[in-house]
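First the structure, in the form of structure tokens, and then the observations on it.
Throughout, read-outs are computed from the coordinates displayed, never taken from laboratory work. Predicted model, so just to flag it, every value in this text is computed and none were measured. Glycine gets a Cβ as well: all are built from the backbone with ideal geometry, and neighbour counts include every protein chain shown.
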Amino acid sequence: MMKRSIQVMQLISSLEVGGAEKLLLDLLDEKQSDASVEFTVVVMNQAVNSELKMRLKLMNCDAYFLERPEGHVHWKYLQALLKIISVHDIDIVHSHNTGSKWWAMLCKLCKPSLKLIFTVHDTAPVWLSVFHKFLQRVFIDHYIAVSKSVERLCEREGFVPVRQIYNGIDIDAYQNLKRHTLVERLQAIAYHHRPLRIVQIGRFYYPKKGQDLLIRAIAQCKQAGLAVHGTFMGSVHPYSEHSYQALKDLVAELNLQDEIAFVVNKTNVASVLREADLFVLPSRFEGLGLVVLESMAAGVPVIVSNIDGPAELVCHEENGLLFESDSVDSLVQAICKVYAYPEIADGFAAKALNFVKQFDISVMRQQYFQLYHQMLFKKNFLSVCALQEVTHGSSF
């Protein structure tokens, strides 16, 4: 008798340009070589990027778009989820953000046999009432923490059992075998002809991503006579429109219109990194920093703030540079070091290229699949034990 595949619903609130969404799509791409787990994808909200939607539709899995307006609560969405669960005989619901987590919990309330996994992406504590924490501990069967820092947060909050699984990337998609080192680039085109090209990638929400710090750092570099240019790439959502406008206003205030460009809601990360001399992650808090790994795989030297998560990826003056979080002056010093000593930055990038190999998406996929199998085995084992207890206690 053929063994049945494990049926996993990947449940996510949106399919916009973002780390969690990109991670899911990369996982689905990688998954196609293993038939032991079958994925069904459900996107809850209307917020869907057309390019990412097309990419998902081209994959070998069933995908549903419920087109729910953000914040809208109606039983029809729960009914739709339960129907999908029934049609595909779902064993496990794996949710990837707070909104999808609550819908998964409602599904389990209606169908207690479901197993729920929730991936925690950030180190910043999300405010939850005592009652909400209680519900989460009751309904969520297992947590995935994307870094050791996030794992510690989960343990402090009592969100257990938790397994730490680093996010992965498709390394081959970012590697550029034709890439010249920074020293080679400068020999071909000197700084006074082409500025040091700095790239920052992340959704335009500066309270978290810290784009304002890098903008101010570029202004200081300019004042010091350094030729630098910043490309800020990311997504703008309804909740972050004010933040994006504030960043544009800051650029105008500092007279940096010629030194800074914004690339909005695009997905061509690899091509942007291909032209970069330096990547900077100025985040104020971050669970891991997927784009740090992407930059390393692309051979781009990296500078990141010394916060939990990214600091697990960058060893200062080994495979990159750390700067003091929320300090423009510290960031400027790091940029100046790369500017003045490009051969040192090339050394960091070479070591990072070797370091990043352990974060290939195939490694993450294998660990996810192991967890899925273990959870289903535990489920079946407990069911057998319960059946034996009933049988031994009966009059037969």
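Helix 211-223 axis versus longest C-alpha principal axis of the chain: approximately 10°, rounded to the nearest ten. Could you give the distance between the Cα centres of region 88-134 and region 39-71, to the whole Å? Each part's Cα centre sits 19 Å from the other's. Pick from Lys178, Lys133, Lys53: which residue has the top mean-square fluctuation in a GNM of the chain where Cα pairs under 10 Å get a spring? Comparing Lys178, Lys133, Lys53 in the GNM, the peak value goes to Lys178.
Beyond 21 Å, what share of the Cα-Cα pairs of region 171-358 is found? Please give it as a whole percent. Let's see the in-between values first.
Details: 7917 of 17578 pairs.
Beyond 21 Å sits 45 percent of the P(r) for region 171-358.
The chain: percent of C-alpha pairs farther apart than 28 Å?
In whole percent, the long-distance tail amounts to 50.
Among the chymotrypsin sites (Phe, Trp or Tyr not before Pro) in region 112-205, those located in a DSSP loop and surrounded by at most 10 other Cβ atoms within 10 Å of their own Cβ are Trp127. Using alpha carbons only, how many degrees (0 to 90, rounded to 10) separate the axis of helix 342-355 from the longest principal axis of the chain? So the helix axis and the longest Cα principal axis differ by about 10 degrees.
Mean-square fluctuations from a GNM of the chain, with a 10 angstrom spring cutoff on Cα atoms, peak among Cys154, Cys107, Cys61 at Cys61. Would you list which aspartates and glutamates come within 17 Å of Lys148, measuring only between C-alpha atoms, while excluding same-chain residues fewer than 8 positions from it? Of all the aspartates and glutamates, those that pass the test against Lys148 - Cα under 17 Å, at least 8 places apart if same chain - are Asp122, Glu157, Glu286, Asp308, Glu312.
With 24 Å as the limit on Cα-Cα distance, the pairs of Lys248/Lys337; Lys76/Lys209; Lys76/Lys101 that go past it are Lys248/Lys337; Lys76/Lys209. Counting only residues at least eight positions apart within a chain, or on another chain, the aspartates and glutamates with an alpha carbon under 16 Å from that of Lys111 are Asp89, Asp91, Asp141. GNM on the chain, alpha-carbon springs under 10 angstrom: the most fluctuating residue among Ser129, Ser330, Ser50 is Ser129. Across the options Ala349, Cys61, Ile84, the greatest Cα extent toward the positive end of the charge dipole of the chain (unit charges at beta carbon of Lys, Arg, Asp, Glu) belongs to Ile84. Reducing region 239-272 and region 135-186 to their Cα centroids gives an inter-centroid distance of 26 Å. Charging the Cβ of each Asp and Glu at -1 and of each Lys and Arg at +1, and nothing else, the dipole of the chain about its Cα centre rounds to 960 debye.
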